[in-house]
Amino acid sequence: MNNLHTWYAVLVIALVTAAIRFLPFVVFNGNRKTPKIIEKLGSMLPYAIMGMLVVYCLKDVNFTSASGYLPEAVACLLVGVLYIRKRNTLISIVAGTICYMVMVHVYSDRLEHTARCFSALLPLIQCTLSGHQSIFITLECLNHYLLAMTQ
């Protein structure tokens, strides 16, 4: 592919992009009222697009290890809490991204150990919440916890 062909391709791409961006102003000029369906799409699409982006970003989350889901969960929780408190999309997304990157790059080994400890604690919590008053069941659960911690 020669140099002239590359410039023609860039020119065509630029013209098509400009045409797509200017077309709504030509079609819906100041003399005509915007159709209701376009107004409804304009109010609904930002939320639909954000929902699709969240689903796309979380589609490959691995729930078999803490390093697979904990950074995403903490970052999503941070984004939600910050947005509810500050009502600023930019701040919440930037803070969530920074939190996720720090957790993935700095704390990945520690997350694995934390998840192992938490998963070992689950039987102990279940025994406690099930209402068993027997000291032997609680000791058995504690034994399972200690065995899991040493592995």
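The values are calculated or read from the model by the stated rules, or taken from the named source; none is laboratory data. Quantities reported herein were computed from a predicted structural model and do not represent experimental measurements. In this analysis, Cβ positions are derived from the backbone assuming ideal geometry, glycine residues included, and neighbour counts consider all displayed protein chains.
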Would you say TYR100 is at pLDDT 75 or above and touching a Pro at 6+ places or on another chain (Cβ under 6 Å)? yes
Quickly run through the stretch 2-36 and pick out the residues that are among the β-branched types (Val, Ile, Thr), under 35 Å from the mean Cα position of the chain (by Cα) and at pLDDT 90 or above. VAL10, ILE13, VAL16, THR17, ILE20
